[in-house]
Amino acid sequence: MREGKYKPKALADYLGDANEALFDSSIKGAQVYRSKNSGKSWEKVNSYDLENLIYTYGYYFGEVRVSPTDPNTLYIMGVPMLKSTDGGKTWKAVAEKQPVHVDHHAMWIDPNDPQHILLGNDGGLYESHDGAINFIRHNVSPVAQFYTVAVDMEEPYNIYGGMQDNGVFYGSSEGTPYDNNHWERVFGGDGMHVAVHPENSDLIYTGYQFGNYFRINQSESNYSKISPKHEIGEARYRFNWNTPIEMSNHNPDILYFGSQKLNRSMDKGKTWTTISPDLTKDLPNGNVPYSTLTTISESPLDFSVIWVGTDDGNIQVTKDGGKTWNLVSENLPERRWVSEVQASPHDPATAYASLNGYRYDEFETYIYKTTNYG
């Protein structure tokens, strides 16, 4: 900065990232309002702001429930769940003395016994018979919501999965399907993509939401963060909630990592090189963050052919290892989320793509194939 090469803002941007700018902001609230005239007017009922309830993603939950027998007994579902017995003036977290999972989304209060409550959160189903003081955990079935699945080259092979708010686990392919005792934890948080080195299954690449990825040596219990960093003066990277990471088919030490650009590492994630411009539409509105890469696929037949898809509807391909890129999705549905692009193992010019439009209330099946590089 003394030499005038960089401005202070460029250095500040380099020390942060686009996701932190969205989520690590000051928060006011939450606040609770009540209407006594069917919504014509509202009055605030809480005497102080409810901090650490919904953080920056209140749209994810934040619903209010009222006891069917007492209008002054209320519940708010957030990261914790809060309860009020004085009409919302004061609040207290429920189940403070026992481990109940966070992120509460669904709640049922028995109309005949308001002390009987069913609670659904990111950890499963819980039941209370004393008005949310104590809960019974009913997660007896080995079920979870998997974002991704991967395998290693062991015999028998192991199956790896990143799960919604339940971490990353792996287990033997010879395990019984109704028994989850053979699954072992690899990582916490929201489990995302998993890549296992084919020559050393102790070496795993995985992480949690918004591009926080690590190289894990399980035998040494060693964790090294590998997320790429933008250059000083460049726009900060935007990482999708489920940031894609791809291991090369031609060399397992080579990794690809998606932000709004494509980054490649030749040394197991120790250093990164940007091999593309912004491959998205760079739109201002959408998911948080938005205009990000969602899928990466390197051709198993040609190291120089790489396909990517984005959350704002772009599919791009390079045939020269990232020197030039071609947008090939102009004739596909506009701005639909590209959930997967898969390069063919038989022909480098062939690829398959799936899109989804449920964010636009569209539930048609969008699956496409190209045999001429798009």
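The values are calculated or read from the model by the stated rules, or taken from the named source; none is laboratory data. Keep in mind that what you see is a predicted model, and the values were worked out from it rather than measured. We place every Cβ from the backbone using ideal geometry, glycine too, and count neighbours over all the protein chains shown.
Entry remark, region 150-168: residues being assigned to a loop (DSSP other than H, G, I, E, B) and surrounded by fewer than 18 Cβ atoms within 10 Å (Cβ to Cβ) number 6 in total.
Looking across region 204-263, the residues that are over 27 Å from V288 (Cα atoms) and among the polar types (S, T, N, Q) come down to N217, Q218, S219, S221, N222, S248, N249, N251. Note on region 304-322: residues that are in a strand (DSSP E or B), closer than 18 Å to S344 by Cβ and either hydroxyl-bearing (S, T, Y) or free of Cβ contacts under 8 Å to residues at least 12 places away in the same chain (or both) amount to 1.
None of G62, G39 is surrounded by 15 or more Cβ atoms within 10 Å (Cβ to Cβ), outside the structural domain of N287 (by TED's automatic domain parsing) and on the phi > 0 side of the Ramachandran plot except G62. Counting only residues that are crowded, with 16+ Cβ neighbours inside 10 Å and within 17 Å of L118 (Cα to Cα), region 67-92 holds 12 of them. Restricting attention to region 77-106, the residues being part of a strand (DSSP E or B) and under 20 Å from V143 (Cβ atoms) number 3. Of G171, G189, all but one fail to be out of contact with any Leu (no Cβ under 9 Å at 6 or more places or on another chain) and in a strand (DSSP E or B); the exception is G171. In this structure, is V288 within 19 Å of the chain's Cα centre (by Cα), crowded, with 23+ Cβ neighbours inside 10 Å and either outside the structural domain of H197 (by TED's automatic domain parsing) or part of a strand (DSSP E or B) (or both)? Judged against the criteria, V288 is not a match.
Considering region 98-133, and only residues there that are at pLDDT below 95 and among the polar types (S, T, N, Q), the residue that is surrounded by the fewest Cβ atoms within 10 Å (Cβ to Cβ) turns out to be Q98. Scanning for something outside the structural domain of V94 (by TED's automatic domain parsing), β-branched (V, I, T), closer than 19 Å to G258 by Cα and out of contact with any Cys (no Cβ under 8 Å at 6 or more places or on another chain), does region 188-203 turn up at least one residue? Yes; the residues of region 188-203 include at least one that is outside the structural domain of V94 (by TED's automatic domain parsing), β-branched (V, I, T), closer than 19 Å to G258 by Cα and out of contact with any Cys (no Cβ under 8 Å at 6 or more places or on another chain).
Among the residues of region 227-243, those identified as free of Cβ contacts under 8 Å to residues at least 60 places away in the same chain and crowded, with 21+ Cβ neighbours inside 10 Å are P228, T243. Among the residues of region 206-215, the ones that are part of a strand (DSSP E or B) and crowded, with 23+ Cβ neighbours inside 10 Å come to 3 in all. Scanning region 116-149 for residues that are touching a His at 6+ places or on another chain (Cβ under 6 Å) and in a loop (DSSP other than H, G, I, E, B), we see that the one that is nearest to G171 (Cα to Cα) is G123.
Report, ordered by the first and then the second residue, all pairs with beta carbons closer than 6 Å, sequence separation of six or more or different chains, a first member in region 347-374 that is in the same structural domain as V328 (by TED's automatic domain parsing), and a second member that is assigned to a strand (DSSP E or B) and exposed (fewer than 12 other Cβ atoms within 10 Å of the Cβ). Final answer for the pair search is Y352/K369; S354/I367. Of all residues assigned to region 228-243, none qualifies as being modelled with pLDDT of 95 or more and among the aliphatic types (A, V, I, L, M). For the criterion of being free of Cβ contacts under 8 Å to residues at least 24 places away in the same chain and either within 30 Å of K97 (Cβ to Cβ) or of a type in the set (A, V, I, L, M, F, W, C) (or both), S173 fails.
For A30, the conditions (1) surrounded by fewer than 15 Cβ atoms within 10 Å (Cβ to Cβ); (2) part of a loop (DSSP other than H, G, I, E, B) are fulfilled apart from (1).
Of all residues in region 291-303, those satisfying the criterion of being within 20 Å of the chain's Cα centre (by Cα) and part of a loop (DSSP other than H, G, I, E, B) are S291, T292. Being part of a strand (DSSP E or B) and within 23 Å of S329 (Cβ to Cβ) is the filter here, so list the residues in region 246-285 that pass it. Result: E246, Y256, F257, G258, L262, N263, R264, T274.
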